[in-house]
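Laboratory data are not the source of any read-out in this text; all were calculated from the coordinates shown. Please read all numbers here as calculations on a predicted model, not as lab measurements. When we count neighbours, we look across all protein chains shown, and the Cβ atoms used for this are built from the backbone with ideal geometry, even at glycine.
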Amino acid sequence: MTRRTRALLLVLTLLLTAGGCGLSAPGGSDEEPKVTILGPWTDEQERQFKEVLDGFGIPYTYQGTAATREVLLAAVQAGDPPDIAILPGVGELVEYAEEERLQPLSGLYEPEEYGDPWRPGARGIADDLWVPLKADLKSIVWYRGEERPDPVPAPLGSWCIGMGDDGASGWPGSDWIEDLILQRAGPTIYEAWATGDLKWTDERVSSAWTTWAGLLAQDRDAARSALLGDHRGPVGGHGLLFGGGCDLEHQGSFARAFYGDRKEEARFTDSAALLPGGPYTVKAHEVAADFAALFGRGGPARDMIRRLASREAQEDWGRKGGVFSPNAAVPAKKGKVDKEISTRFTDQRVPLCLDASDVMPAAVRDAFYEAVLLTVAHPEEPVRPRLEDIQKVQDAQPSATPRLTGVCGRAQ
C-alpha cells in the first residue's frame, strides 16, 4: 500500500468517524450549545484534561486524537471546524491563519506572562492567534535510579528507541536529529534550518543526520527493533525504559506518563554529553508546546480559552496531570524531578528552542518523518539523497507562505 493510499484511507476513516465525536455539530441541545474542542490527549491524559475543563462550568465536547492534523483538516474542509483546536505545534496553524480561519485571542490571556519562544510569530500574520497551554522539555535523556550515566556518547545497545506512534510515526527520530543539530551548531543555525532559511543539504544538517545514521548502523537488529517498536513501549507496560534491555531513553518530559507507577524511579540528564559524536556542551534546550487556536466566534468558546490560559487553570492542570506550563506566572512544581525540569525552563543562561518539526509546514514535516523512517530501515545508505528529497518538498511550498519567527529564545 502506498503512502498516498494510506493517507487517503486515514482521512476517509476520520471523515466517517468525526460525526460521532462531537465535531460535526455545535454540540449539545439548542437550549445548551457546547463548546467543541479538538486536542491531542487521549486515555489518562484525556481524563486529566477533562477534570480541568469540568471545573469551568462551561458545557463542552472534547475529542482527543493522535491524528489532530487529519481530523482538523477533515472538519475544516467539511465546513464545520471545532470551536477550539489544540495542536502540538504551530506549523500548520500558520496555514489556517493565512486562510483567515483563526479568531484573535486579544484580551484572553496576558502576553507578558509568556517569554521566548512560547509566542512565536509569523511574518505578515497577527501575533495573537494562538496561545501555548502545555510545555514539554526535550534535549534530555531518561535513566533508571540515582546514578547518572557517564557523560560520554552511548552505544546503540544502551538506547531505548521506538519510532511508532498512532499519529505520525518517525517523529521520535526527528527529535534525535533536531537535538544533534541544536547541540552541534547552536540555536541560530537551528532556527534558520527549522524555518526554511537553511537548506536541508547544508553540511551542518547532513553531518548531524549522518552521525545519527552511524549510531543506528552499529546494530541492524537493534535498528529494526526501533523501527517496529512503539515509542510508548508495550501496551499495559511501563514504557521503554522499564521494559528491559536498554538503559537510556531520549524522549521529552512527557515520557514519565508512560512509566506508570514506576515514574518516580526515573531520572534525567541533559542529552548533549550522551549524543553520538559528542560529548557536546549544552548550547540550548529543545522544547515543545501544545498551542490552542480559536476557530469559533461564540462567547463560550472565548471564555473557555480565557479559562484554559489562566494561571489558576494551569496550576490545576499541573496538579492533576503532572504537566508543565509555559506561563511564567505559574509557580514551579514540587518534587525533585519536577524542580529540575522547571529549572531548565527558567534558566536564562541557556536558550530554549521550539521543536523544529512542529514549526515546519505540514508537508515538509511529513517528508522529514518519512526520511527518518527510511534512515532507520537503511542506516548504511547515504543520507544526502533523502535530504535532497525533503528540500524538494520545501522548495515546492508557495513562496508567499509565512515563515515563523522567534523559534528560539535568547540567553540573557
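So which aspartates and glutamates pass the test for Lys333, namely a Cα distance under 13 Å, with those fewer than 8 places away in the same chain ruled out? The qualifying aspartates and glutamates are Glu315, Asp316. The Cβ shell under 14 Å around Met163 holds other residues with a net charge of -4, Lys and Arg each +1, Asp and Glu each -1. Taking the Cα centre of the chain as origin and assigning +1 to Lys and Arg Cβ atoms and -1 to Asp and Glu Cβ atoms, the resulting dipole is close to 380 debye.
Fully extending the segment from Ala362 to Ala66 would add 105.1 nm, taking 0.36 nm per residue of separation and subtracting the current Cα-Cα distance.
Sorted ascending by nearby beta carbons within 10 Å, beginning with the fewest, Asp175, Asp165 become Asp165, Asp175. Projected label points at Glu95 and Asp80, each 7 Å from Cα along the beta carbon direction, are separated by 2.2 nanometres. Between Asp247 and Ala411, the C-beta separation translates, for a Förster distance of 41 Å, into a calculated FRET efficiency of about 0.85.
Here the simple spin-label model places points 7 Å from the Cα toward Cβ, and for Lys334 and Asp261 these points are separated by 2.3 nm. Modelled spin labels at Asp316 and Asp395, positioned 7 Å past Cα toward Cβ, are 5.2 nm from each other.
Overall shape: oblate for the range 350-412, with the ratio a/c of the largest to smallest alpha carbon gyration tensor axis at 1.5 or above and b/c at least equal to a/b. The H on the amide N of Tyr60, modeled in the peptide plane, is under 5 Å from the matching H of Val35, each at least 5 residues off or on a different chain.
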